[in-house]
1. By the scheme Lys and Arg +1, Asp and Glu -1, what is the net charge of all other residues having a beta-carbon under 10 Å from that of GLY96?
2. Taking the Cβ of ASP28 as the center, what net charge do the other residues with Cβ under 9 Å away carry, scoring Lys and Arg +1 and Asp and Glu -1?
3. Could you work out the pair-distance distribution P(r) of the chain from its alpha-carbon pairs, with 5 angstrom bin width and percents rounded to whole numbers?
4. Which residue, PRO14, PRO113, PRO71, tops the fluctuation ranking in a GNM of the chain built on C-alpha contacts under 10 Å?
5. Identify, among ILE50, ILE40, GLY74, the residue whose Cα sits farthest towards the positive end of the charge dipole of region 5-79, taking +1 on the Cβ of Lys and Arg and -1 on the Cβ of Asp and Glu, with the dipole about the Cα centre.
6. Explain nothing, just compute: Karplus ³J(HN,Hα) = 6.51 cos²θ - 1.76 cosθ + 1.60, θ = phi - 60°, for every residue of region 2-18 in order, whole Hz, x for Gly and Pro.
7. Taking Rh as the Kirkwood radius computed over C-alpha pairs, what is the Stokes-Einstein D of region 148-243 at 25 °C in a medium of viscosity 0.890 mPa s, expressed in µm² per second?
8. Starting with the fewest neighbours, write out ASP16, ASP27 ranked by other beta-carbon atoms found within 10 Å of each beta-carbon.
Amino acid sequence: MEKLYEGKAKIIYPTDDPQILLAEFKDDATAFNAQKRGTIAQKGIMNARISAALFQLLEQQGIATHYIDQPGDGQMRVKAVQIVPLEIIVRNVAAGSLCRQTGLEKGTVLPFPLVEFYYKNDELGDPLLTRDRVLILNLASLNQLEQLQTKALGINTQLKTFFADCGITLVDFKLEFGLDQEQNLLLADEISPDTCRLWDQQETDPNARVMDKDRFREDLGNVETAYQQVQTRILSQLETLSL
């Protein structure tokens, strides 16, 4: 099939229905705005399974997503949406750029979840935006911003509890949303170790606890094993919940 779009982590293909797209997850890995590149074996298959599972979990909690089904390994059929050019970051524990920009010690538990908006623009380096900058750039309306904030916090509540039941701390994560034909905001993209910081609650060593793409970013090794462990725990917990 002729691809509609290829990004760092996925290739998007059309289907016979213009309102349905096929997303194919890639094994490619990038970091630092694609300055570091590599491959994580079976990452596409694992991230697709993890994302599908978490999208279904959130759908059951009344959170609308673009997810439809998984026609094959590493694939996901999704509703066609117009992506809002914002990356919404939700932080529960200080890590990454929050530590670099504020001086907070890594691992500091925040007094409340922090929601941040970043401009989805590689050429500008995906900069952090204030609410007024979002409005001036016309990236979203005030009503949409309020919806994004509310939805992000609601998703955080659900995922934070679910991951805790898996023995994992949800440190922070990235969300993307899109508008469907009726201009409804749907959770889109993916939720996976590529887009979340996940720490193993059973580990006290700062490096050993990392279960996400930071293992690739920081050359910690055992990246595939960490992703596999996240997948195993998520699917096992979902099976427990369905019993």
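1. +3
2. +3
3. It works out to 1, 6, 13, 18, 20, 20, 13, 6, 2, 0, 0, in whole percents.
4. PRO71
5. Result: ILE40.
6. 7, 6, 7, 7, 10, x, 5, 10, 8, 10, 10, 10, x, 10, 5, 9, x
7. On the way: Rh = 14.5 Å.
Reported coefficient: 170 µm²/s.
8. Working: ASP16 5, ASP27 17.
Lowest count first: ASP16, ASP27.
Coordinate-derived values only; no laboratory data. From a predicted model like this one, the values you see are computed outputs, not experimental measurements. Heads up, the Cβs are rebuilt from the backbone with ideal geometry, glycines too, and the neighbour counts pull from every protein chain shown.
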